[in-house]
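Working notes, structure below.
A short reminder: the numbers here are calculations on the coordinates, not readings from a lab. Values in this document were obtained by computation on a predicted structure and should not be read as measured data. In this analysis, Cβ positions are derived from the backbone assuming ideal geometry, glycine residues included, and neighbour counts consider all displayed protein chains.
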């Protein structure tokens, strides 16, 4: 990985030939993909497209009624699809560990983990373990899940961890002195913090994988400004009204917003340490291309500090050596 190269020089050969879209997804037969938050929005579309292209998809959902409907819709669209559904509430780290344990005990192979689920700009609230909700769900839960599933990913084919961030990571910083937001909570600032944490985590994961010679890719993606129910499920009041207006008149369709994470998960050219986003102005809309994170996200000392904190808060210590166990 060379993060100093001009992003235009990193655009893949597929993107140079034409604007990459879902029809360019290679055959995924024989691959297993785990998608968090798969019952709606970008997670649902990711599951739909990967099932359509032959992958066995493990969908997770917090709301099982919505999850069952989403799975049924995929199978109705693609009757030959291979899709299973599991309950997973990322608000509870104990449930994340139990879910990962079930997969490990069942000796399921996972080739691609798509860390897709998230919450956006809710009123101040905490997870089951007392972490600020956005930091807890968007970052800590996925840090935990990734660390626990590393042994399975190690056995996968062209294994990848795809972490979904946001262009708003550029406005983020880690509030080490007020992680729970108990003193000065801002919905936007703490959402940006969680998305900044996603980028720090994924780039540090790339560095650690490279240092140990493991052939697992850590790839970032963001959807630009895409119309999904994420903007409607957390915000309230004036903020929700503004986002509803933006979804209707400014955002691109979710079918376009999902392309960067589909590219990150499937394109042979997608490299570890890359950040895939829309190619349009200000990365708001468009087709997948390699984009650059904010400079602060390349701070190795900051990433190391966040990684250590995440280990302490989750109790998960990813093992990059023998990987004989889950590292808990």
Residue among 143, 99, 176 with the largest mean-square fluctuation in a Gaussian network model of the chain, springs linking Cα atoms under 10 Å: 176
Inter-site label distance for residue 109 and residue 281 at 7 Å from Cα along Cβ, in nm: 4.7
Stretchable slack from residue 23 to residue 78, in nm (0.36 nm times residue separation minus alpha-carbon distance): 18.3 nm
FRET efficiency for residue 294 and residue 126, using Cβ-Cβ distance with R0 set to 22 Å, rounded to 0.05: 0.20
Protection proxy ranking of 254-267, 282-295 - average other beta-carbon atoms within 10 Å, highest first: 254-267, 282-295
Considering only the chain, percent of DSSP beta bridges that pair antiparallel, nearest 5: 15
Cα-based convex hull volume of the range 57-161 per residue, rounded to whole Å³: 111
The range 181-197 residues near the modelled residue 305 label - backbone nitrogen below 15 Å, point 7 Å along Cα→Cβ: 197
Fraction in percent of alpha-carbon pairs per bin - 10 Å, the chain: 6, 28, 39, 23, 4, 0
Estimated translational D of the range 49-92 in µm²/s (Stokes, Kirkwood radius over Cα pairs; 20 °C; 1.002 mPa s): 200
Packing-based ranking, highest mean first, of 180-186, 314-320, 297-303, 52-58 given that Cβ atoms within 10 Å are counted: 52-58, 314-320, 297-303, 180-186
Gain in span if fully extended, residue 312 to residue 171, counting 0.36 nm per residue against the direct Cα distance: 48.2 nm
Within the chain, helix-based [θ] at 222 nm, where runs of 4 or more DSSP H residues each add -39,500 (n - 2.57), nearest 500: -12000 deg cm²/dmol
